[in-house]
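Enquirer: First the structure, which I've put down as structure tokens, then a few questions once you've had a look.
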Amino acid sequence: MDNIESGDNFSSTNGHAKASTPKRCFGLNNSSTLSRLKSLCSQGAGEKDFPYSSAIAENIPVYDLSQFSASDKELVYALQDTWHEVLHSGPGVFVLKAFYPKDSLITIDKSNEIFDSIIAAEASLSRGDHFAASEANSRIWNSLQKHALADPASFLAYYSNPWIKHVSEAWLGPDYTVTAQVNIVRPGGKPQMPHRDYHLGFQTAEQCARWPKTMHAVSQFLTLQGAVAHSDMPLGSGPTRFLPFSQLLEEGYMAWRTDEVKDYFADRWVSLSLNKGDAVFFNPALLHAAGENETSPGPNGIDRSANLLQISSAFGKTMEAIDHDSMVDACWDELAQCMREETLDALEIECAVRAMTEAYPFPTNLDRRPPAPGGMAPESQTDLVLRCLKEGKSKQEVMQVLKEYKESSSG
């Protein structure tokens, strides 16, 4: 190695005076964005590209869950592989037919009754809707928690669906956190503007420009977006519009606000009709927009209803603050009864508990809660609740355990 002598000149930056460092952030103006978007969206998807799909419709893979068993671990793992590929490198969106099969639609109907009662109770409050006018819409923020508190039995029936766990882990891995919002668009409801979703999708262009390109890439991996159809959704009712493959545009969080991208979306979006109980899941970076409900008011009109699932990675933060303790308190007796009487199996119990608890134990106070034996992480809220179930603890006992957990986790 050459010696460095006093007085050496370092102005050439290691001998590369003309070298330039790539910019870490996207600029507010990217002149070639539209041409790149057009190139990406010119791709086509075929059934041979995505195993187990029953059809490819409008470039969107469709899977019929009535043909699969949620307890077949090998099959589920194979499905998760193909779903991950769809979201990551493929069209960015897929439909799951019979997410709630016909013999489970009573669960949807009962949930709709609960949602109607919540909407009626909140009628005097202003319920905004992001990216769209709200006059013809009904919105329930944090439908997950409100559902649990209002009717534990129907909540458990709804969120014990193993396919929620399987599809969430396909994209996010283990220890995800569930949030949900109900949106009902009535006849005459206008469409949303095309957009990307949480995290960076909920920031201004100026704010997005402050985040490094690496974080633009990371944002899409922190969330899975989904919608469960709580009504039939023919095309005229305006089911969600998608632009397949648009999640692959690196600067997409900057681009979706531009007029040229909005115009391109308006010319190229696709949509699929859904039956009650079907679900659609998509990469949050995919350009999408709720459609226009063109049905007529009256007996033939359709109130397009969906429970929007926004599921977050253990490595991210949810959009909504959830009072998990109150959900456990409300559901405990019903949950314990389901376990005793075996009306829900072990997998279904786990899925229901996952929907009402935090599975990721950090941040925590490691002085008070050191790592569990044999692992890097201490017990999570989910672990505690499942353990209390197995030990047959009462509601009073489990709530005391959770109180101590919260106190010991604080700084």
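The values are calculated or read from the model by the stated rules, or taken from the named source; none is laboratory data. Owing to the predicted nature of the structure, the values given are computational and were not obtained by experimental measurement. No Cβ is skipped: glycine too gets one built from the backbone with ideal geometry, and neighbour counts run over all protein chains shown.
Enquirer: Is there any pair linking a residue in region 382-410 that is surrounded by 13 or more Cβ atoms within 10 Å (Cβ to Cβ) to one that is assigned to a helix (DSSP H, G or I) and among the polar types (S, T, N, Q), with Cβ under 6 Å and at least six apart or on different chains, and which?
Expert: Cβ pairs passing all conditions: none.
Enquirer: Another question, if that's okay. Would you mind telling me which numbered condition in (1) of a type outside the set (Phe, Trp, Tyr); (2) within 12 Å of residue 354 (Cα to Cα); (3) at pLDDT below 95 residue 135 fails?
Expert: Among (1) of a type outside the set (Phe, Trp, Tyr); (2) within 12 Å of residue 354 (Cα to Cα); (3) at pLDDT below 95, the lone unmet condition for residue 135 is (2).
Enquirer: State which residue is surrounded by the most Cβ atoms within 10 Å (Cβ to Cβ) when the search covers only region 145-175 and only residues that are within 24 Å of residue 240 (Cα to Cα) and touching a Ser or Thr at 6+ places or on another chain (Cβ under 6 Å).
Expert: By that ranking, first place goes to 158.
Enquirer: Would you point out which residue out of 231, 273, 237 is among the small types (Gly, Ala, Ser), under 23 Å from residue 137 (Cα atoms) and free of Cβ contacts under 8 Å to residues at least 60 places away in the same chain? So that I can check it myself, show each step before the final result.
Expert: Working: 231 fails: free of Cβ contacts under 8 Å to residues at least 60 places away in the same chain; 237 fails: free of Cβ contacts under 8 Å to residues at least 60 places away in the same chain.
Going through 231, 273, 237 in turn, the sole match is 273.
Enquirer: Can you tell me which of (1) exposed (fewer than 14 other Cβ atoms within 10 Å of the Cβ); (2) closer than 30 Å to residue 40 by Cα; (3) not assigned by TED's automatic domain parsing to the domain that holds residue 251 is the one residue 346 doesn't meet?
Expert: (2)
Enquirer: Here are some conditions: (1) hydroxyl-bearing (Ser, Thr, Tyr); (2) without any contact (Cβ under 8 Å) to a residue 12 or more places away in the chain; (3) in contact with a Lys or Arg (Cβ under 6 Å, 6 or more places away or on another chain). Residue 343 meets all but one. Which one does it not meet?
Expert: With respect to (1) hydroxyl-bearing (Ser, Thr, Tyr); (2) without any contact (Cβ under 8 Å) to a residue 12 or more places away in the chain; (3) in contact with a Lys or Arg (Cβ under 6 Å, 6 or more places away or on another chain), residue 343 is out only on (3).
Enquirer: Kindly indicate whether any position in region 214-224 is surrounded by fewer than 24 Cβ atoms within 10 Å (Cβ to Cβ), of a type outside the set (S, T, N, Q) and not in a helix (DSSP H, G or I).
Expert: yes
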